[in-house]
Every structure is written in C-alpha cells, then in structure tokens.
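Visitor: First the structure, which I've put down as structure tokens, then a few questions once you've had a look.
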Amino acid sequence: MSNETTSGPSVPAPSLPWPAIGVVLVLASLLLIPLGIGNAFVTHIFVTICLMAALSSAWNLVGGFAGQLSLGHATFYGIGAYTAVILVNLGITPWIGMFAGAGIAAIVGMAISYPCFRLKGPFFSLASIAFLEVFRVLTLHFSDFTGGATGKMIPLKLGWTWMVFRERWPSLLIIFGMLCAVLVVVWAVRRSRLGFYLIATRERESAAKAAGVKTVQVRLVAVAISSALCAMLGTFHAMYLTFIEPSAMFSLTFSIQIAMFALIGGLGTVSGPLLGAVLLVPLTEWARASFGASALGLHGFVYGVVLLLAVLFMPNGIIGLLQKFRRAPHHELDEDEQTTQTDSIKAPAQATTPPSPDREGIGRDVMRVQNLNKRFGGLHVTKNVNFTLREGEVLGLIGPNGAGKTTLFNMLSGFLTPNEGSVTVRGPDGGYHTPVNPADFAALGVGRTFQIVQPFAAMTVEENIMVGAFYRHHDEHDAREAARQTAWRMGLGPLLQDEARGLTIGGLKRLEVARVMAMEPRILLLDEVMAGINQTDVRRAIDLMLSIRDSGVSIIAIEHVMQAVMSLSDRVLVLAAGEVIAEGDPHEVVRDPHVIEAYLGKEFANAHR
Amino acid sequence: MTTFLQILLNGLMLGGLFAIVSIGLTLIFGIIKVVNFAHGEFLMGGMFITWLITTQMGLHPYAAVIVVVPVLFVMGALTQRLLIQPLMSARDDHIQIFATVGLSTALINLALLIFGADIANTPPHGLRAPLEFGELRLLTGQVMIFGAAIVLVIGLELFLKYTQTGRAIRAVAQNRGAAELMGINVNHIYVLTFGLGAACVGLAAVLIAPLYPTSSNIGTYFVLTAFVVVVLGGLGSIPGAFLGALIIGEVDALSGYYIGSDLREAVVFGLFLLILILRPSGLFGARQNLSHLS
C-alpha cells in the first residue's frame, strides 16, 4: 500500500478551462478569417462550415445525448426551408417563417419518434430514413404549394427583412449567430436536468426509469428542440440558396453528413460536432471544387471512406482523442484499501438483537400488497402474495434462488404489471394510490436498486447520483450539492469524479444505494445490496441502513447475508416457489421447519427435528 | 374486375420481389443483430455484375448467378470480418449502424465513379415477355422471382432447422455466450451468416437485373421498402419477411392505383409507423425487441 493513497481524495488542480478556450478560439476564427479575407468563395465555405456545425450540433441532441440515431434529420431542415419559402412568397418575412417552420418540424419530429421511443432496437433509424422519403414524395406530389420537382424560387427582395443579400458577409453574420445560439442551447441542455436524464436514459433505460425519469418524454423533448433548431437552420439556408428543390432539401446523403460530423467530432459532446465540421467541410469542399466535375462520385466516396475509417479507428471522435491526451494517467484510489484504512475491522458477526416489532417509530401502513400473481407463460412465478409494509419498518425478504423475489420487486416498482392483484402505496398526501408504471411509483416516493448493478457507465459517480438528486432538485447546483452530500454519506466521497465503470463491485452496490437515496424515497426497495461485498462493508452497510430507517424511510430488503437480515429486520417474509411460506419475527422465522425445508430440503428438516 | 385482379396479381409479384430482397436482410439482422444499411448496395453491385456479364459475354442474365452469388458471399463475409467484427464489442449498436451507412455511401459513390450516372439496362433475353392467363398478364421474369423467393425461404428454413451448421447459426442467435461455451466458433458463424445474407441478395440481383434498370442508387429504392417488410415480418424472421413482403407488395400496388403512383411510398411508410405503434414485434416477431427490462 503506497503512501499516496492515504493523502485523501485527489482533487484535480485548478487549471485553465482549455476546452472552453478552444471553442471560443475556433468560433472567433470562423467569423474573423472570412471577414478578414473578404473573398466570396472563402466566405461561402465558412457559411457552409457554420451551417453544418450548427445542424450537426442540433442533431447531436438526439443522436448523441438521447442516443437515438437519426439518419433523416434533413427532414426537419427541409420542413424549415419549405415553410419559410412558401411564407416568403406570401409576403411573410423569414424571421417569422423560421419559427413557423420550427413549430411544424417539432410536431413532425415528435410524431415520428413517439412510436419508436417506446421500443428498443434500430426502429428510430429506420423510421427517420423512411420519413425523409415520405416528405420528399409529398413535396413532389403537392406541387401547387411546393413547386414540385422543379423546385421553388424566392422573390428577390434584398435586405435584412428578407434575409437575402447581394454580399455574402451578412449571411455569415446570421449563420454565425445561429451557430452560437445552437451551441448555447446544447451546452445548457447538457448541464440541465434534461441533459442528465437523456444521458441516463441512453446508458441504462431501466435504471433511469427507477430514478423517476420519464424516458420517452425526455427524449421527445430532445427531438422537439433538435428538429426545431434544424428547421430554423433550413430557413436560413433556403434564403441563402434562394432556390430549393425536394431532392436537395430531403436528401439522405445530406442527413448522413449531418450525423457524420458529430460522430467524427465526438458523439454526445458539446463541441464535437463543431470540431468535426471545421475539419471536414473545408476538406470536402476543396475535393468538390478540384475533382467534382471530372470525377462524379469521388466526393461522396471520400465521405463514405472517412466514415468507415472513423468508426473503425476513432469511435469516440476527435474529442475522445483529445481527452486521452489530457487525462494524465493518475493513480486511482483503490477503494477497498481505502475502506480498510478509514474503518478498523470491528467484530464481524456480532449478534445484535433484532429491533422489537413494536418499537417506536413504526407507523401506519405505507404499502399494501394484495393477492399478487404473476405468470410468465406457463410459469407461475408469484402466487397470491399478500403483505403490508409499515412506516419506518425494515422488512426482510428472503427465500431460496428462484423464489420470485426479484419478480416481486419488479411488480412493487412498476417494472412488471401483475396478472392479478394490486400494489397500493400511501402517498405523501396520506391517501392510498395504485401506481402502474415506474414513474408513478417514483412519484409516490418508491425507490429501488437493482440486483445486477445498473450504473450509468459513461457518467462519473457524482453525475450518477445527480440523476437521482434531480428528482428533488431542479437546479443543477442544488442537485450537485445534494449528490455530494449523499456520496459522502455512502462512503463514495473520494470517488466522486471517477467514472462509474471503474468502480469495484462494492462501490457499484453503494452507488446504487446512493443514487436511490438522492431521490429521498419514502419507501426503499433494496435488492441484495450486500451480496459480494466484504465483511467490513457489510457492517457499514448495516449501520447505514439503520440510519436510513431512523430517518423515517420504510425499507424492504432482499438479502442473503443472514447477519444483516437478522440484525436489521423488524419482520421477515420468506418466499419459496412464489408463495409466502412464513412471516414474522426474524428469530422465529429461521426456526420454522417450513423455512428450513425450503432452504435445505425435507430430509434435513426432518433430521434436525 | 379484371383490372382489380390484375392489380392484385401485380401486387403479388411485387411482393415476391420485395421478399427476395428482404430475406438476406432479415437473416443478417436475426443472427448478428446488425441492420445492414449497405444491403441495397449489395443488390446494386450484384445487378451491375449481372449487367456486365450479360452485355460483355452475351450470356443469359440468369447465367450470371454462377459469378454473382459467390462474389456477393465473399463481399458479405469480408464486411463482417473486416468491418462489423471489430465493432461487435462496441457499447451500443450505433457504431455498427454508422459503419454500414459508411459502407453504403462509399459503395454508391464507387459505382458512380466506375459506371457513371447513366442507367445500365440488362438485356432481358425474353424475361420481359408476358405470360397471359385469360385477360391477366404477368412477366416471365416476375414469375421466376416469385418462384425463387418461395424456394429460397423454404430452403433457408430447412437449412437452419436440419443441418448442423444451421443449428449452430440458430444457437448463436439465441445466446452467443452459451453457443461459444458449446464449442461453436461464433465469429465463423457470423462471417458465414453475413455471407449467406449477401448471397441471398446476390440471387435477388440476378433475377431483378433483367426487369429493372440498374443505376447507382437502385439499392436505396429497394432497401427502404425492404426495411418496412422486415419490420412487418418481425425482425429476423424469414417466413415473416416473406409474408410481410406479400402484404407490402399488395399495399404498394393497390395504393399506386387507387391513391396515386407518386404517393405509394408515403402510404407504405405510413403503414410502417402504424406497425410500430400497433404491433412492433411484427407478424412473426420474437419478444427480443420488446423487453422493457435490460
């Protein structure tokens, strides 16, 4: 054990915010270089860079943050372009038209996404391509409005009102402003509750649901924002081009390019799409200008090959590469060593007397489970399960493997719907409710952990806990503060800035509990939080659970560590083959012949008698 | 009445065509769990080779099958080995989608570079000759496609059910880890499956080339419908893809006649969204895509 580990949490030395400085430098050069050179072609290229960077950043809200890969984002861009051009021909300025287009695009985006977001699988990618095609076909069909295949011109009315200019620099100013606005939106989303919820949903949908995230809803919001932004950019581009046609506006190639800049820059990062566009657009524009006429398809071929190479050799994009450089290999705290030092080993199997069932603090029923039945096909997993949980009580749930404990938990938290029976929960208002889905259960204050730990792997420990904390706090700072407090309470304080994927199993179990505790639940469902952790940690976990209980939280704990079951539980419920075979005082229950039989078999139970 | 019957018959034939294009796609998805966005470009490649063989050597288009099917098998196998296999361990399937999308873009434009933007017409050698049944007419080539689709579906099902390799393929699809523990070389199975899927679309290419003009973007035209077919049939189900193809074929033909030929795609893709809302697992779908617990 080296001495460095004892020096406490390694707080990174305060350094200059290099990423932010880099972004500002890149942005400044995007504006100043073309204005300085003053050449029309150079300005045109910079307009294209700004446009593609902005489109790609907007795409990234859905494709990166929400993890829903759209390959048809040109749909929204095209909707914005067509709406504005049709309105301009009716005498309405594009400054108003862009908001009309944004509204339509947001509605269309949500309508396409809603069916897909309820599903797992590649459906959204397929639907996004299909609807790109639908809009192209519809635009061709309704030629009275759209001009059909011949396209549509805008009347040449110059000036800021009409967003059409003789020179190129005013267009550059507009698109530069729009790019900055998009980046600010993306940055704000990343830091907000919405951003945390999106990434949590992307990483682990079920854990996000347990943290009270309305997973479909948050992704729909992301799609609405993203498509609205793309539509506004489409409006700008239509005014810049002064002519639009269906095959250019609703193009699959263009959609793929939008996604590609984000991939190459870094999916799900704020500045990735910007970097991707800055590096790739000049390259391809140059290729187009020098080879375009002589070699048809070369430009697209280069795009395809760059995309192939990028996925094979830098799937995390340029940002991923930069982060590898920045993150100096620092010695990570070994978590188990840490624990051993901070806490000298106490007598492990201390026989604590169980709390009396009628001790103070136990109140009215908070959860009533009636006649719960669940079948998977022909398998009857839980049979007529009945019990109640009282306020401030710890109910131990034990039973041999395959008894149906986790299935029962899934029904108690809305992840499974029982075939028969009901779960009623007393809400903070004092009335009894019958929640049906994980969000309802979370809203009533039911929090749960998962037996197989479900960390949001790409997030830090702090961010993981913040996902839970956002349930109570809307503001990022409050959530962060609450998450830190919870983390220190759970012994995760020194690991706050570590990525969750690097934790040991004990750390991950504690992270599960910390995340749900940050939601400040009234009823806590703990699924084997002590399995696979060492004796010291068990002792600590027991103390922790007692302190949680004393703060008024009711707990149901599935546990195999008998030491914990005996010393924690006010009552024990024994489940075997889907049925409750015993219930009551822990010490009586473990002597019950039925229970011994369920665990060890008939012969053993008889021999013992 | 004759018109209606003719439309139904056209729909049926179109269904056969969609089926033969979709079978390889659903096979690859069902086993490897990768959506091959370059599937249409495999078709395009096969059609160009058929065109080359027919025009350069003066052979019957169907003779090209000897070359096209093995070439496409190798193309598919290489795609799996060099592109998908290194990405199998990626955290999510996005990277694999990007990879096949990149391949698709590269292949379309490669075809543009080599063959230019002109349309290549494969000489039909009598395959566009009509067969008449009373007042109803069909093209010989369409009937051949329909027959080939049925044979291919039955053949693949038999192969997967009753051969040792077929069992290994199904085992890998069910549970990769367990199959590996049983001594199955999972990577070989994947390479073989991708090759088979591509070979199926190679067969489709040979049969379609005499009936449709070949161009660099012909693949996109077919593959978008194939996606709908595969989802309707239940991702990964071969009989499902066949039935789905027949349904989409009829929808396409009927809407083309009664709603407007330029709105056919809008109707088909509208149906796609409806399927996702009403029956996302498709006609023959497994439960795999609906699990709400990860």
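Visitor: Only residues that are away from chain A (no Cβ under 12 Å) and either assigned to a helix (DSSP H, G or I) or in contact with a strand residue (DSSP E or B) (Cβ under 6 Å, 6 or more places away or on another chain) (or both): list them for the stretch B:69-96, please.
Guide: If we filter the stretch B:69-96 for residues that are away from chain A (no Cβ under 12 Å), which is where we start, we get B:69-78, B:80-81, B:88.
If the condition is that a residue be away from chain A (no Cβ under 12 Å) and either assigned to a helix (DSSP H, G or I) or in contact with a strand residue (DSSP E or B) (Cβ under 6 Å, 6 or more places away or on another chain) (or both), then B:69, B:70, B:71, B:72, B:73, B:74, B:75, B:76, B:77, B:78, B:80, B:81 are the ones that fit.
Visitor: Let me ask something else about it. Picking from A:101, A:67, which residue would you name as being within 14 Å of chain B (Cβ to nearest Cβ) and of a type in the set (Gly, Ala, Ser)? Can you show your working first?
Guide: Details: A:101 fails: within 14 Å of chain B (Cβ to nearest Cβ).
Answer to the selection: A:67.
Visitor: Residue check: is residue A:128 within 14 Å of chain B (Cβ to nearest Cβ) and either under 30 Å from residue B:97 (Cα atoms) or surrounded by 17 or more Cβ atoms within 10 Å (Cβ to Cβ) (or both)?
Guide: Working: within 14 Å of chain B (Cβ to nearest Cβ): yes; either under 30 Å from residue B:97 (Cα atoms) or surrounded by 17 or more Cβ atoms within 10 Å (Cβ to Cβ) (or both): yes.
Judged against the criteria, residue A:128 is a match.
Visitor: Which fully enclosed helices (runs of 4 or more DSSP H) of the stretch A:196-299 have 3 or more residues being more than 10 Å from chain B (Cβ to nearest Cβ) and in contact (Cβ under 8 Å) with a residue 12 or more places away in the chain? I'd like the intermediate steps shown before the answer.
Guide: Numbers: elements: A:205-210, A:215-241, A:246-249, A:252-265, A:272-291.
The helices (runs of 4 or more DSSP H) meeting that bar are A:215-241, A:246-249, A:252-265, A:272-291.
Visitor: Is it the case that the stretch A:425-445 has a residue that's touching a helix residue (DSSP H, G or I) at 6+ places or on another chain (Cβ under 6 Å) and among the basic types (Lys, Arg)?
Guide: Of the residues in the stretch A:425-445, the ones touching a helix residue (DSSP H, G or I) at 6+ places or on another chain (Cβ under 6 Å) are A:435, A:438.
Remaining after also requiring among the basic types (Lys, Arg): none.
Looking for residues that are touching a helix residue (DSSP H, G or I) at 6+ places or on another chain (Cβ under 6 Å) and among the basic types (Lys, Arg), one finds none in the stretch A:425-445, hence no.
Visitor: Would it be correct to say that residue A:202 is buried (at least 16 other Cβ atoms within 10 Å of the Cβ) and within 12 Å of the chain's Cα centre (by Cα)?
Guide: Working: buried (at least 16 other Cβ atoms within 10 Å of the Cβ): yes; within 12 Å of the chain's Cα centre (by Cα): yes.
When the stated conditions are applied, residue A:202 passes them.
Visitor: Moving on to the next point. Out of (1) surrounded by 19 or more Cβ atoms within 10 Å (Cβ to Cβ); (2) in a helix (DSSP H, G or I); (3) at pLDDT below 90, the odd one out for residue B:274 is which?
Guide: Among (1) surrounded by 19 or more Cβ atoms within 10 Å (Cβ to Cβ); (2) in a helix (DSSP H, G or I); (3) at pLDDT below 90, residue B:274 violates only (1).
Visitor: I'd like to verify a number: residues in the stretch A:137-152 that are under 40 Å from the mean Cα position of the chain (by Cα) and touching a residue at least 60 places away in the same chain (Cβ under 8 Å), how many?
Guide: 3
Visitor: For the stretch B:31-58, enumerate the residues that are part of a helix (DSSP H, G or I), surrounded by 22 or more Cβ atoms within 10 Å (Cβ to Cβ) and not hydrophobic (A, V, I, L, M, F, W, C).
Guide: Passing the criteria: B:39, B:40, B:41, B:45, B:46, B:50, B:54.
Visitor: Can you tell me how many residues in the stretch B:59-72 are open to solvent by less than 50 Å² (accessible area, probe 1.4 Å) and over 15 Å from residue B:196 (Cα atoms)?
Guide: 4
Visitor: So, in the stretch A:474-491, how many residues would count as being farther than 18 Å from residue A:521 by Cα, under 19 Å from the mean Cα position of the chain (by Cα) and not in a helix (DSSP H, G or I)?
Guide: Summing the residues that are farther than 18 Å from residue A:521 by Cα, under 19 Å from the mean Cα position of the chain (by Cα) and not in a helix (DSSP H, G or I) in the stretch A:474-491 gives 1.
Visitor: Right, here's the next one. Any idea which residue in the stretch B:73-92 is farthest from residue A:312 (Cα to Cα), counting only those that are surrounded by fewer than 16 Cβ atoms within 10 Å (Cβ to Cβ) and modelled with pLDDT of 95 or more?
Guide: Here the answer is B:74.
Visitor: Which pairs turn up if I take residues in the stretch B:112-138 that are away from chain A (no Cβ under 14 Å) and look for partners that are of a type in the set (A, V, I, L, M, F, W, C) and in a loop (DSSP other than H, G, I, E, B) with beta carbon separation below 9 Å, at least 6 apart in sequence or on another chain?
Guide: B:120/B:209; B:122/B:209; B:122/B:211; B:124/B:211; B:125/B:59; B:127/B:211; B:128/B:211
Visitor: Let me ask something else. What tally of residues in the stretch A:59-114 results from selecting those that are among the hydroxyl-bearing types (Ser, Thr, Tyr) and open to solvent by 10 Å² or more (accessible area, probe 1.4 Å)? Spell out the reasoning first.
Guide: Restricting attention to the stretch A:59-114, the residues satisfying the condition of being among the hydroxyl-bearing types (Ser, Thr, Tyr) are A:70, A:75, A:77, A:82-83, A:93, A:113-114.
Add one more test, that the residue is open to solvent by 10 Å² or more (accessible area, probe 1.4 Å), and what stays is A:82-83, A:93, A:114.
The qualifying residues number 4.
Visitor: Only helices (runs of 4 or more DSSP H) wholly contained in the stretch B:149-263 count here; list those with 3 or more residues that are open to solvent by 20 Å² or more (accessible area, probe 1.4 Å) and more than 14 Å from chain A (Cβ to nearest Cβ).
Guide: Numbers: elements: B:164-174, B:176-181, B:186-208, B:218-233, B:238-258.
Answer list for the stretch B:149-263: B:164-174, B:176-181, B:186-208, B:238-258.
Visitor: As an exercise: evaluate residue A:235 against (1) surrounded by fewer than 24 Cβ atoms within 10 Å (Cβ to Cβ); (2) modelled with pLDDT of 90 or more; (3) of a type in the set (S, T, N, Q) and give the number of the one condition it does not meet.
Guide: Status for residue A:235: all satisfied but (1).
Visitor: Can you tell me which residues in the stretch A:562-582 are under 28 Å from residue A:379 (Cα atoms) and surrounded by 19 or more Cβ atoms within 10 Å (Cβ to Cβ)?
Guide: We begin by selecting, within the stretch A:562-582, every residue under 28 Å from residue A:379 (Cα atoms); these are A:572-582.
Answer for the stretch A:562-582, where residues must be under 28 Å from residue A:379 (Cα atoms) and surrounded by 19 or more Cβ atoms within 10 Å (Cβ to Cβ): A:572, A:573, A:574, A:575, A:576, A:578, A:580, A:582.
The values are calculated or read from the model by the stated rules, or taken from the named source; none is laboratory data. Since this is a predicted model, take the numbers as computed values, not measurements. Note that we place each Cβ from the backbone using ideal geometry, even for glycine, and neighbour counts take in every protein chain shown. All accessible areas refer to the heavy atoms of the entire protein, side chains included, with ligands and DNA or RNA removed. Shrake-Rupley method; radii C 1.70, N 1.55, O 1.52, S 1.80 Å.
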